[in-house]
1. Given labels modelled 7 Å from the Cα in the Cβ direction, how far is it in nm from S148 to A192?
2. Among DSSP bridges having both ends in the chain, what percentage is antiparallel? Round to the nearest 5.
3. Counting only residues 5 or more places away or on other chains, whose amide H sits under 5 Å from the amide H of V133 once H atoms are built in the peptide plane?
4. Calculate, in nm to one decimal, what R215 and S137 gain on full extension: separation in residues at 0.36 nm each, minus their alpha carbon distance.
5. Which far-off residues, 5 or more places away or on another chain, put their amide H under 5 Å from the one on D69, with H placed in the peptide plane?
6. In terms of the ratio Rg/(2.2 N^0.38 Å) built on C-alpha atoms, what value belongs to the chain?
7. So, R0 is 22 Å and r is the distance between the beta-carbons of A105 and A10; what FRET efficiency does that work out to, to 0.05?
8. Just need the relative contact order of the chain here, percent rounded to a whole number, with Cα pairs under 8 Å and 6+ apart.
Amino acid sequence: MPHDIAAASAFLPPDAARTLLDRWAAVRARVDSAARAAGRDPAGVTLVAVSKYHPAASVAALAAAGQRDFGENYVQEALRKQTEVADMAGMGPDAASEATTAGGAAPRWHFIGHLQSNKAKDVVGRFALIHTVDSESVARKLDQRLASLPVQGAGGVAPVQEILLQVNIGDEEQKSGVDPDDLPALAEAVLALPRLRLLGLMCMPPIFDDGEASRPYFARLRELRDALSSRVGLPLPHLSMGMSHDVEVAVAEGATIVRVGTDIFGPRPPKS
Ligand SMILES: *Cc1c(COP(=O)(O)O)cnc(C)c1O
């Protein structure tokens, strides 16, 4: 893809750009073939490139080559990087906008880190999708913040935020996410909030070396989604699951969004 490498090389040295694009193409190929093997359309799986700890230049390079979705875990790092990427790519001051340039579309940002109630106000409107809502208090804070934002456009569209609920699928003490038993109650509380749009579930199973070990957790998340969907009478189309080591298994079990960091960007540098 010489054209993509030329675009990415505006932001990275050519060798680094080539390595990044090769890794990215290899991951997309893994996702696409896992989808086909499961009898699914590869277009039905969104690849989120997880850029935590990686520099804005790597994001700008990948965006210029055509990658659209990026995931971040830490609020301050994410907001800083959004601005840096927008400045680098000449996309204007508002990174969250849908503005496009000759090089490619503006990134669509996903928040995938643990979300504390006191940070909820900072993420609203800055991310296309928040994957990690796991308590009623965080959901209420998001909704309150949305209520305070101005109505947009001539049509008077009230701001809404698309979200997923994070489930603590491995029943792990220290992990974020709602307990599966408490999921229906949380979903009903969220559905009562007018400015949040619930689109599905997200999970991060206990880490194993073998990606196959994630399969029962992914299957369980899908079952929880199916049960919740019938209970509330909404489609809840999205399952956000699968990382570098288990992305194929996640797609086989129905993931519509996969979150891959290491296999695209390489090992994470120390947090700066
Ligand atoms: C870091 C992170 C990822 C990406 O993990 P890799 O193993 O680097 O692919 C995905 N999801 C979440 C929630 C993360 O924190």
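Since every read-out is calculated from the coordinates, none of them should be taken as a lab result. Just so it is clear, the structure is predicted and the values come from calculations on it, not from any experiment. Using ideal geometry, Cβ is built from the backbone for each residue, glycine included, and neighbour counts are taken over all protein chains shown.
1. Using points 7 Å along Cα→Cβ, the separation is 2.3 nm.
2. Here the antiparallel bridges make up roughly 10 percent for the chain.
3. L164, Q166
4. On the way: separation 78, 0.36 × 78 = 28.08 nm, distance 3.08 nm.
Roughly 25.0 nm would be gained on extension.
5. Under 5 Å from the amide H of D69: A49, R108.
6. So the chain has a normalised radius of gyration of 0.99.
7. Values: r = 16 Å, r/R0 = 0.71.
Working from the Cβ atoms, E equals 0.90.
8. After rounding, I find 19 percent.
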